[in-house]
Structures are given as structure tokens and as C-alpha cells.
Amino acid sequence: MTRVTVTLTLRDRGCRAMGESPMSTSMPTSSPETRTGSPRPRRSRRPRTRLALAAAAALAGGLVAAPPASAADFYTPPASVSGAPGTVVRSESSQFYLDPLKLLKAPADVTRVMYVSGNADGPTVVTGTVLQPRTRWIGRGERPVVAYAVGTQGMADRCAPSRQLAAGTEYEGAFIKGLLARGYTVAVTDYEGLGTPGVHPYVDPRSLGRNVLDSVRAAQRLGIVTSTAPVLVSGYSEGGNAAAGALELAAGYAPELRLKGGYAGAVPADLARVAPKLDGSPYAAFLGYAVAALDDAEPQLGIRDLLNARGQDFLDRVQDSCTIDGVASFAFTRTSDLTVDGRPISAFLSRPDIAAALAERRLGSARPTVPSLVAHSGLDDVVDYAQGRDMARSWCSKGAKVRFQTLVTPTHVGGAVAGFPNAFAFLEGRVAGTPFLSTCGLF
């Protein structure tokens with residue numbers, strides 16, 4: 001697999017904000033240092049592509065398949081890359097279509113970008129898209145930038161949001177268009193391992209949160225966003241995990257960003273509690289994504305050794321899927337049919353070493369320092385409601401300002417549709433500087 005050497009100029013990023021080991025950060029800002037390492041586009045011990053767990057495949061119901069991988073080498077990192085997180089490796093103009101026939105083009109200037117980011121282990125290289133509306137900003141102050149974290153895209157490189165935006169197959173395109181229509185610049189990360197080499201660390205907020213924050217830094221390096229522009233984050237499902245991760249990390253990892261608030265919807269905050277609901281469900285592929293990612297990131301757990309021949313085949317095949325074909329191909333798969341001893345995957349999650357690995361990925365151990373809106377349908381059929389609520393409660397217990405909304409619209413898809421008007425209003429309020437009402441203690 002391709003290996004990339006990244007030289008990072010580091011300032012104090014406070015990586016310990018989420019309790020992880022230093023990523024190559026924790027240097028005092030008054031004393032910059034440089035570290036050279038190999039940002040693994042993550043460990044890849046076999047041909048595969050990515051991970052995802054509980055999330056917004058549901059949102060995509062009815063979409064066409066993702067675009068085929070292009071022969072273009074934009075997504076292949078150069079052999080050596082230098083720079084701090086957010087450093088632009090390369091960029092090119094792109095397009096954003098709202099339909100796969102490419103009849104409806106969004107009125108925005110679109111830039112595809114590759115930039116330096118990081119994960120819990122060290123530096124890495126990520127791609128994404130920056131979209132700037134062509135209309136003049138008429139709101140208060142400078143034009144804000146929204147770091148938009150997409151929901152589950154799938155595992156294969158062809159699933160990368162930057163590819164799908166250009167192809168008109170991105171199922172969150174309508175929400176992104178809504179942000180553009182309100183005058184926001186929008187930065188959309190592809191996340192680690194989607195498009196670029198390596199396995200996508202699905203619902204690992206230590207990686208995804210950094211990818212989200214660094215997309216804004218990349219937009220600043222491109223000159224599209226100023227260093228003083230207000231910054232907002234927003235995401236639902238896997239995107240909610242990424243947005244929540246960004247909110248927890250921001251004060252220590254990216255203190256220079258003028259973060260004003262964030263929306264996190266249907267957050268898969270605790271994989272140990274999300275996984276059982278997916279087993280045997282229409283969204284069983286997401287559980288496969290999660291298992292594949294954990295196996296790749298933590299090979300010492302010996303996860304593949306727990307699987308029988310059918311399970312091994314499932315794990316290989318699921319990694320070559322995007323949201324739609326993944327749901328269609330693996331719906332209702334029961335993991336008890338995939339293990340050597342016939343127990344479901346959830347039975348292994350309490351094993352001390354696996355439990356410890358999942359705990360490192362659990363949200364709620366740190367708190368956002370800006371107003372945060374968390375929403376979740378009480379009738380979500382994909383991501384467990386209670387664990388998302390408990391994350392918000394944990395934030396409150398640590399002194400965060402949180403508004404938690406229990407949505408009554410059934411299903412995961414329904415929760416997304418019902419939640420976004422509230423999210424838009426929340427973001428507008430943060431830009432306008434209106435008072436924020438926390439509901440801590442009331443949920």
C-alpha cells in the first residue's frame with residue numbers, strides 16, 4: 001500500500017482532550033517543534049477499504065449507486081508531505097451537482113482539496129471539498145464557514161463525498177445546498193480513508209473530529225475563508241459522531257478557530273450500545289463496517305479469528321460497498337451465523353481488551369466549550385436513542401451548554417429530516433449572537 005511521510009509543524013493541539021495518547025501534539029505554543037512520521041493512511045493488512053457503523057445509510061434510501069473510482073490520481077498522496085494540520089497538499093476546481101443526470105448544478109464555487117490532518121496515532125492525509133456561495137453575505141459580520149460532517153457514505157474509495165458531490169449522487173446534497181442558500185461557506189471532509197489510501201475509521205471521533213476541524217484550516221489556507229471567520233460544525237449520524245468529536249476536541253486541538261457552536265444529530269456515541277441494534281437489521285452492513293475498522297485499527301484484538309469462513313467473506317465484501325449497495329447486499333445478516341462459536345458479535349464486546357478499545361472511541365469524556373445542539377429521534381431504528389442522550393447528559397455534567405431535543409418523527413431518516421430545520425435555526429442564532437437556552441437538567 002502507499003505510504004506517505006508527513007512532516008508536521010506542531011503547536012499545542014491538546015490531543016488529550018478526549019483521553020487519547022498524544023498524536024504528535026502537546027507541544028507548548030511558544031515552542032513549535034517538528035515531527036516526522038509515516039501517517040499511515042492507516043494499517044492495511046489486506047485489500048479493503050473502510051468502516052462505518054450506525055448511521056445515515058438510511059438517509060440515502062432511493063439513491064443511485066456511487067460513482068466509479070476515477071483513474072485520476074488526485075486521491076493518491078505524494079510520497080512526502082510537510083506541514084501543520086490543515087496544510088493544503090493539492091487542490092483543483094470541482095463541481096457540485098444535485099442530481100445524477102447533472103442537470104442541476106449548485107450555485108457555488110467548488111474546490112476539491114487534499115490536506116494534512118490526523119488521527120489518534122499520528123498525522124495522515126485527507127481529501128474534501130470547499131464550497132463558496134456566489135451570493136453576497138448579508139448577515140452579521142464576516143461570512144461564516146460550516147464544517148459539514150456527512151453521514152455514512154460506505155467503505156469503498158468511490159464512496160468519498162467529494163466524488164459523489166461531483167457526480168450528483170451525494171444524498172446529503174440537499175442539506176448542503178440549504179447551507180449554501182443561507183450564505184455559508186461549507187467545508188466537507190471526505191474523512192480519513194475515504195478516497196485516500198487506508199481504512200476509514202468509522203465513528204472514531206478521534207480521527208473524524210480532527211478531519212472536520214482541519215477542513216476549515218484547509219479552507220483558510222486556500223484563501224476561501226479568513227482566519228477570523230465564524231466557524232460552525234454540523235453533522236448527523238456518522239456525521240453527528242464527527243461533529244461531536246470536533247466539538248470535544250476543538251478547544252485543545254484547534255483553539256485558533258473562532259468556533260461559535262455545533263449541531264450533532266443521532267450521534268453513535270458508544271459503539272458497544274449501538275452495535276446490538278444493527279445486528280440482523282436492514283443496516284447490518286454498518287455493523288460490518290464497524291467490525292472491519294476496529295479489526296484494522298486494533299489487529300492485536302484478533303477479531304478475524306472470531307469469524308468463520310462466512311464471516312471472513314462478509315468482512316471482505318462489506319468493505320467494497322457504499323451505503324446503498326451495502327444496505328441492499330447485507331440486510332438482515334445475523335452475526336451469530338458469522339462467528340466460529342455461533343455467538344453474536346455483541347457477545348464479544350464485553351471482553352476486556354475489546355471493551356477498552358471501544359471505550360477509547362466513546363464520546364462524552366470531554367465537553368464542548370461552545371453552545372451545542374444535540375437532537376435524536378426517540379424512535380430511531382438505527383442509532384440507539386439512549387446512548388446519544390447519555391452523551392449529552394455527560395456534556396452537561398461537565399459544565400457544557402447543551403440543548404437536547406427528543407424528536408418524535410419515526411426512523412433514522414425521519415429524524416434527519418425533522419432535525420435539520422432546527423439545526424439551521426440554531427446555526428443562524430449562533431451567527432446572530434442570540435441568547436442560547438440550555439436544557440441541561442431537563443432531559
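The values are calculated or read from the model by the stated rules, or taken from the named source; none is laboratory data. All values reported here derive from a predicted model rather than from experimental measurement. Methodologically, a virtual Cβ is constructed for each residue, glycine included, from the backbone with ideal geometry; neighbour enumeration extends over all protein chains shown. Quick note on the areas: whole protein, heavy atoms, side chains included, nothing else; ligands and nucleic acids left out. Shrake-Rupley method; radii C 1.70, N 1.55, O 1.52, S 1.80 Å.
Enumerate the pairs (first residue in segment 302-318 and over 14 Å from PRO344 (Cβ atoms); second residue anywhere and hydrophobic (A, V, I, L, M, F, W, C) and surrounded by fewer than 16 Cβ atoms within 10 Å (Cβ to Cβ)) with beta-carbon separation below 8 Å, excluding pairs fewer than 6 apart on the same chain, so at least 6 apart or on different chains. Close Cβ pairs (under 8 Å, with a partner that is hydrophobic (A, V, I, L, M, F, W, C) and surrounded by fewer than 16 Cβ atoms within 10 Å (Cβ to Cβ)) amount to ASP305/VAL340.
Yes/no matrix, rows are residues, columns are (1) open to solvent by less than 10 Å² (accessible area, probe 1.4 Å); (2) among the acidic types (Asp, Glu):
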position: ASP109; (1), (2): no, yes
position: PRO123; (1), (2): no, no
position: ARG134; (1), (2): no, no
position: GLY141; (1), (2): no, no
position: VAL145; (1), (2): yes, no
position: ALA149; (1), (2): yes, no
position: THR152; (1), (2): yes, no
position: ALA160; (1), (2): yes, no
position: GLN164; (1), (2): no, no
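Taking the criterion of being open to solvent by less than 10 Å² (accessible area, probe 1.4 Å), assigned to a loop (DSSP other than H, G, I, E, B) and either closer than 26 Å to ARG134 by Cα or touching a His at 6+ places or on another chain (Cβ under 7 Å) (or both), would at least one residue in segment 210-224 satisfy it? Scanning segment 210-224, I find no residue that is open to solvent by less than 10 Å² (accessible area, probe 1.4 Å), assigned to a loop (DSSP other than H, G, I, E, B) and either closer than 26 Å to ARG134 by Cα or touching a His at 6+ places or on another chain (Cβ under 7 Å) (or both), so the answer is no. VAL383 meets each of the listed conditions (1) open to solvent by 40 Å² or more (accessible area, probe 1.4 Å); (2) assigned to a loop (DSSP other than H, G, I, E, B); (3) aliphatic (A, V, I, L, M) apart from (1).
If you go through segment 258-269 and keep only what is open to solvent by 20 Å² or more (accessible area, probe 1.4 Å) and either under 18 Å from the mean Cα position of the chain (by Cα) or in contact (Cβ under 8 Å) with a residue 40 or more places away in the chain (or both), you end up with LEU259, LYS260. All of (1) surrounded by 21 or more Cβ atoms within 10 Å (Cβ to Cβ); (2) under 25 Å from VAL413 (Cα atoms); (3) at pLDDT 50 or above hold for VAL113 with one exception: (2).
If you go through segment 225-253 and keep only what is open to solvent by less than 20 Å² (accessible area, probe 1.4 Å) and among the polar types (S, T, N, Q), you end up with SER234, SER237, ASN241. Regarding VAL431, is this residue open to solvent by 10 Å² or more (accessible area, probe 1.4 Å), in a helix (DSSP H, G or I), touching a Lys or Arg at 6+ places or on another chain (Cβ under 7 Å) and touching a residue at least 12 places away in the same chain (Cβ under 8 Å)? Judged against the criteria, VAL431 is a match.
Select, from ALA242, ALA187, ALA181, the only residue that is without any contact (Cβ under 8 Å) to a residue 60 or more places away in the chain, touching a helix residue (DSSP H, G or I) at 6+ places or on another chain (Cβ under 6 Å) and of a type in the set (Gly, Ala, Ser). Testing whether each residue is without any contact (Cβ under 8 Å) to a residue 60 or more places away in the chain, touching a helix residue (DSSP H, G or I) at 6+ places or on another chain (Cβ under 6 Å) and of a type in the set (Gly, Ala, Ser) leaves just ALA187. In segment 195-214, which residues are among the β-branched types (Val, Ile, Thr), within 8 Å of the chain's Cα centre (by Cα) and either modelled with pLDDT under 95 or closer than 14 Å to ASP296 by Cβ (or both)? Scanning segment 195-214 gives a single hit, VAL203. Summed over segment 302-318, residues that are within 17 Å of HIS200 (Cβ to Cβ) and surrounded by fewer than 16 Cβ atoms within 10 Å (Cβ to Cβ) total 1.
Restricting segment 86-106 to residues that are closer than 15 Å to ALA187 by Cα and touching a residue at least 24 places away in the same chain (Cβ under 8 Å), which is most open to solvent (accessible area, probe 1.4 Å)? Please lay out each step first, then the result.
Of segment 86-106, the ones closer than 15 Å to ALA187 by Cα are 86-88, 91-96, 106.
Remaining after also requiring touching a residue at least 24 places away in the same chain (Cβ under 8 Å): 86-88, 91, 94-96, 106.
Numbers: GLY86: 0, THR87: 32, VAL88: 45, SER91: 60, SER94: 28, GLN95: 76, PHE96: 1, ALA106: 2 Å².
Applying the filter and picking the extreme gives GLN95.
Tally up the residues in segment 271-301 that are assigned to a loop (DSSP other than H, G, I, E, B) and open to solvent by 20 Å² or more (accessible area, probe 1.4 Å), please.
Count: 4.
Just give me the residues in segment 319-361 being assigned to a loop (DSSP other than H, G, I, E, B) and open to solvent by less than 20 Å² (accessible area, probe 1.4 Å), in sequence order. Result: GLN319, SER321, LEU338, ARG361.
Please verify whether segment 137-158 includes one or more residues that are within 30 Å of VAL318 (Cα to Cα), of a type outside the set (Gly, Ala, Ser) and assigned to a helix (DSSP H, G or I). The answer is yes, given that some residue of segment 137-158 is within 30 Å of VAL318 (Cα to Cα), of a type outside the set (Gly, Ala, Ser) and assigned to a helix (DSSP H, G or I).
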